[in-house]
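Data block below; observations after.
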Amino acid sequence: MIRFHNTYSRRKEPFRPLVEGEVRMYTCGPTVYDFAHIGNFRAYVWEDLLRRYLKARGYRVTQVMNITDVDDKTIRGSAAAGVSLEEYTHRYIEAFFEDLDALGVERAEVYPRATRHIPEMVALIQKLMERGHAYESKGSFYFRLDSFPAYGRLAGLDRQGLIANFRVDSDEYEKSDVRDFVLWKAHKEGEPSWDTPLGSGRPGWHIECSAMSMKYLGESFDIHTGGTDNVFPHHENEIAQSEAATGKPFVHTWMHCAHLVVNGEKMSKSQGNFYTLRDLLGLGHDARAIRYLLVSQHYRKPINFTLDGIGWAGANLNRLGDCVRRLEHPSGTGENGRLAEFTRQTVDAFYKSMDDDLNSAAAMGFVFELVRELNSAGDRAELPAKNAGELQRFFGEVSAIFGFALGSELTLDQELEGLVANREDLRKARKFAEADAIRDALLRRGIVLEDTPAGVRWKKKV
RNA sequence: GGCGGCGUAGCCAAGCGGUAAGGCAGAGGUCUGCAAAACCUCCAUACAUCGGUUCAAUUCCGAUCGCCGCCUCCA
């Protein structure tokens, strides 16, 4: 049985989808005003792990990830660049998908864009107006906080406290209560706007997620995720808008991941302490190692991000890859009963850990214990094909769940193969210095050679 | 100020009532070309501090110290 930590109850709860065998989830996506940084990708990679795990557990998954392509930052950015909003956001949307591909993130089923769902948002706001949860003021529309008594429950904030602590934002929109949040912003000179039954203007941020999630997943769905900084006010506001409009429970399980921190501080654009994926790849780091780093630690704990950490992750991945490669060369006959039993126990422990709120760190610990057992057995030539087959199946599952692409073949082109053959000749002639020079040259091209009793093998450097 | 979280070996990190997983680094060893790669073995009387509950606490409770997040756009 899978258990997930639900932010709404602040507890781990048994996970039961609303519809048997099917999970509908909404994952808050990027605002496309700039390249996403590696901290942002922690969330997207974790959500990918969640998605992959649910699939591995037999669920049919429908994932929706919004793309916020109209807000203050995108508007400011496009104005500064002197291009249309559409043109401006387009390049960052492209870049976002390139980065997702580099990190091995599976595509969600739907990537709705805010600018393509204005009518849905308008309809939702109208519904809120009809039900007395919203009001108009100088062409803008606001959600009336006092009309929704459950407000603040997700974030654990009480409404009185909100009054005491609320910092009034500096915009000139007029609200009847400072805590009320904007649903629709009246047109301002120089800003993009849409002509709608509400008048001319543009949507507020929160309304898009309510409108688009309900459009694609229904008025009630299973899982909604984001970084912990989305809990308040974004998710709190989503609940208010959605439930006030439909009168139904909006989301069953709210899940939030912790941040990436740098020297103990949250990685963020405003602090300037961030790396984009592009930065890191440009420095020669491996995308798979970055993925490993992000996904191998528990999602509700902050990850202290360092460049050394990527190296550490690469070493882990390397050990895993070597082990999987080893399974292609079984030894011994029959079945190694002890290893078979150890394998069964590990598989069991692995899934138990993952079932327990996606405890990937613990799960990987068990995998590495198995790696050691399997290597030991292999060293003693007690790794028969029967065991190797079972192990391959398990590592295949681990690979699919974590998105590691373990055991993917590296085929050399003719030139490289020629170099390897050359080196073998040099070694036979005991010209080791020249042989090593070739090996080093290959290493610089990301290929590691391994001289084994059974001949030379090669692998990709991680 | 309000709410929430964290503090485990040189580093990263699980465990959360029954006596410390895993990885990196380090030290030995195997194989080998006294090479590379790989593999194996070893590596915390101890879980921020101080009290309390308990037969038993890293795990529960309380206090203290330190760090972080949210309360404002933010994954």
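The values are calculated or read from the model by the stated rules, or taken from the named source; none is laboratory data. In this text, all values refer to a predicted model and were calculated from it rather than measured experimentally. When we count neighbours, we look across all protein chains shown, and the Cβ atoms used for this are built from the backbone with ideal geometry, even at glycine.
Here are a few things to note about the model shown:
- Among all positions in the range A:130-137, there is at least one residue which is crowded, with 21+ Cβ neighbours inside 10 Å and more than 30 Å from A:V295 (Cα to Cα).
- The listed residue being within 23 Å of A:S399 (Cα to Cα), out of contact with any Phe, Trp or Tyr (no Cβ under 9 Å at 6 or more places or on another chain) and away from RNA strand B (no atom under 16 Å from the Cβ), out of A:R60, A:R91: A:R60
- Taken over the range A:5-31, the criterion of being within 10 Å of RNA strand B (Cβ to nearest atom), more than 19 Å from A:V295 (Cα to Cα) and among the β-branched types (V, I, T) is satisfied by A:T7, A:T31.
- Inclusion of A:C209 among residues that are near RNA strand B (Cβ under 8 Å from one of its atoms), at pLDDT 95 or above and not hydroxyl-bearing (S, T, Y) is not warranted.
- Taking each residue of the range A:316-345 that is in contact (Cβ under 8 Å) with a residue 24 or more places away in the chain and looking for partners that are in a helix (DSSP H, G or I) and of a type in the set (D, E) with beta-carbon atoms closer than 6 Å, six or more apart or interchain, yields A:F342/A:E373; A:T343/A:E390.
- With respect to the stated conditions, A:G403 fails to be modelled with pLDDT under 95 and not polar (S, T, N, Q).
- Elements of type helices (runs of 4 or more DSSP H) contained in the range A:294-404, each with 2 or more residues being over 30 Å from A:V231 (Cα atoms) and more than 13 Å from RNA strand B (Cβ to nearest atom): A:337-355, A:385-402
- Look at (1) crowded, with 19+ Cβ neighbours inside 10 Å; (2) at positive phi and you find that A:G407 fails only one, number (1).
- Number of positions in the range A:426-462 that are within 8 Å of RNA strand B (Cβ to nearest atom), outside any strand (DSSP E or B) and surrounded by fewer than 11 Cβ atoms within 10 Å (Cβ to Cβ): 3
- Of all positions in the range A:411-425, at least one carries a residue that is in a loop (DSSP other than H, G, I, E, B) and touching a residue at least 12 places away in the same chain (Cβ under 8 Å).
- Residue among A:V261, A:V251 that alone is in contact (Cβ under 8 Å) with a residue 12 or more places away in the chain and within 12 Å of RNA strand B (Cβ to nearest atom): A:V261
- Taking each residue of the range A:138-154 that is under 20 Å from A:K188 (Cβ atoms) and looking for partners that are surrounded by fewer than 15 Cβ atoms within 10 Å (Cβ to Cβ) with beta-carbon atoms closer than 7 Å, six or more apart or interchain, yields A:K138/A:E174.
- Scanning the range A:237-277 for residues that are charged (D, E, K, R) and at pLDDT 95 or above yields A:E238, A:E243, A:K248.
- Pair list, Cβ < 6 Å and 6+ apart or interchain, from the range A:34-49 residues that are within 8 Å of RNA strand B (Cβ to nearest atom) to residues that are outside any helix (DSSP H, G or I) and among the polar types (S, T, N, Q): A:H37/A:T276
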